[in-house]
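Take a look at the structure below.
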Amino acid sequence: MIVKQLEKTIIEPKITLVGAGPGDPDLLTLKGVKALNTANVVLYDALVNEALLNYAPENAIKVYVGKRSGDESFSQELVNKLMIDYALNYGHVVRLKSGDPFVFARGYEEIDVAESYSIPTEIVPGVSSALGVPGLQKIPMVYGTLSESFWVVTGTNAAGEISQDLHVAAKSNATIVVLMGVEKIKEIASIFKAEGKANLPVAVIENGSSAKENVVVGVVETIEELIIEKNISSPALLVFGNVVSLHPQFNAIKEFYAILEREEY
């Protein structure tokens with residue numbers, strides 16, 4: 001009897017990284033739901049829809065760990081420590097991260113730390129905002145002759161500077177999705193202007209897939225003014241490319257340029 005009681009108290013640590021998707025709770029994968037169903041602890045980010053916590057057992061520990069852009073209240077080191085401590089003391093930890101854990105979400109760092117403690121790990125991919133959010137707006141990444149490829153880049157690197165990859169991407173004809181870049185729109189737009197792309201279509205999508213979604217469509221030359229006018233802020237992503245011309249809001253811009261051309265002639 002004593003042996004059986006001891007067996008019941010044995011903790012089997014495990015860490016599962018689950019992508020929560022861009023905001024709409026219905027975009028969580030079935031595998032993500034199953035992982036949450038068996039969680040002893042859930043560590044969730046600021047951009048995760050808290051409705052997803054209902055998939056975890058009622059007695060599971062739910063811990064908010066911040067990680068909103070520009071919010072350093074929860075450093076990555078602290079999140080790593082919490083993740084390991086909870087796994088060793090409580091068992092299965094679900095690390096619930098917005099979007100996809102491996103798309104600008106530091107998923108590899110967290111898995112690397114877990115495995116350094118010999119804790120079993122599992123990855124559950126999520127719908128990345130980089131692809132899912134434009135898709136919900138019917139903006140394709142590739143389409144006919146408008147675009148044959150796409151880039152996904154961060155607006156700023158770890159040092160808080162504009163990513164050098166963006167300078168390279170701006171030279172191409174690809175669709176370019178910029179995450180965490182709305183606060184740097186002036187500098188980012190100047191990069192495209194330097195490549196002669198002042199009239200390149202741009203979409204800005206704030207709170208993509210959520211009830212608070214806000215969409216602005218324009219061109220590089222005027223996109224900063226539109227963002228200020230519509231009071232767009234993070235979380236928001238930018239989509240640069242000719243494919244944005246397929247968005248219904250771009251029709252008014254097409255008509256405007258058509259009128260200008262007629263007046264010139």
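The values are calculated or read from the model by the stated rules, or taken from the named source; none is laboratory data. In this text the structure is predicted, and so the values were computed from the model without any measurement. We place every Cβ from the backbone using ideal geometry, glycine too, and count neighbours over all the protein chains shown. We work out accessible area using only protein heavy atoms, side chains counted, and drop any ligands, DNA or RNA first. Shrake-Rupley method; radii C 1.70, N 1.55, O 1.52, S 1.80 Å.
Observations
- Exposure of Tyr86 as accessible area (Å², to 10), given a probe of 1.4 Å and all protein chains: 50 Å²
- Point-charge dipole on Cβ atoms (K/R +1, D/E -1) for the chain, about Cα centre, debye to 20: 620 debye
- At full extension, Asn59 and Leu146 could sit 26.2 nm farther apart than now, given 0.36 nm per residue minus the alpha carbon distance.
- Surface listing: Asp26, Asp85 arranged by accessible area from highest to lowest gives Asp26, Asp85, probe 1.4 Å.
- Available extension along the chain between Glu187 and Glu115 is 22.0 nm, counting 0.36 nm per residue and deducting the alpha carbon span.
- Oblate is the label for segment 205-249. Its Cα gyration tensor axes, ordered a ≥ b ≥ c, give a/c of at least 1.5 and b/c at or above a/b.
- Beta bridges assigned by DSSP with both partners in segment 99-245 are antiparallel in approximately 75 percent of cases.
- Of all DSSP beta bridges in segment 14-172, antiparallel share, percent nearest 5: 15 percent
- Only protein atoms count toward the accessible area here, which uses a 1.4 Å probe; on the chain, the carbon and sulfur part of that area reaches 53 percent.
- Rounded to the nearest 500, the helix-only mean residue ellipticity at 222 nm of the chain stands at -9500 deg cm²/dmol, with each DSSP H run of n ≥ 4 adding -39,500 (n - 2.57).
- Calculated accessible area for the chain comes out at 53 Å² per residue, all protein chains present (probe 1.4 Å; ligands, DNA, RNA ignored).
- For the chain, complete DSSP H runs whose alpha carbons reach 15 Å or more along their own long axis and whose mean Kyte-Doolittle score is -0.5 or higher are 76-90, 250-264.
- Highest-fluctuation residue, Gly107, Gly135, Gly155 considered, GNM on the chain with Cα pairs under 10 Å: Gly135
- Here segment 185-255 and segment 97-147 have alpha carbon centers that stand 23 Å from each other.
- Candidates Gln164, Gly99, Thr154 compared by Cα position along the dipole of the chain: farthest toward the positive end lies Gly99, with charges placed on Cβ.
- Segment Ala198-Lys138, length gained on full extension (0.36 nm per residue, minus Cα span): 19.3 nm
- Nearest-10 value in Å² for the accessible area of Val168, using the 1.4 Å probe: 80 Å²
- Counting only protein chain heavy atoms and rolling a 1.4 Å probe, the accessible areas of Ile11, Ile223 rank, largest first, as Ile11, Ile223.
- Spherically averaged projected area in nm², based on the convex hull that wraps the Cα atoms of the chain: 16.5 nm²
- Longest DSSP-loop-exposure-free segment, trypsin sites (Lys or Arg not before Pro), the chain, at most 10 other Cβ within 10 Å: 1-137
- Tensor-based shape of segment 103-218 (alpha-carbon gyration tensor, a/c under 1.5 rounded, otherwise prolate or oblate): prolate
- Computed accessible area, Leu27, all protein chains, 1.4 angstrom probe, square angstrom: 50 Å²
- The count of lysine pairs in segment 91-197 with alpha-carbon distances below 28 Å, taking only pairs 8 or more places apart or on different chains, stands at 14.
- Taking the DSSP bridge list for the chain and keeping only pairs wholly inside it, about 45 percent are antiparallel.
- Spin-label model, Glu122 to Lys34: label points 7 Å out along the Cα-to-beta-carbon direction sit 0.7 nm apart.
- Around Leu237: net Lys/Arg minus Asp/Glu count, Cβ-Cβ under 14 Å: -3
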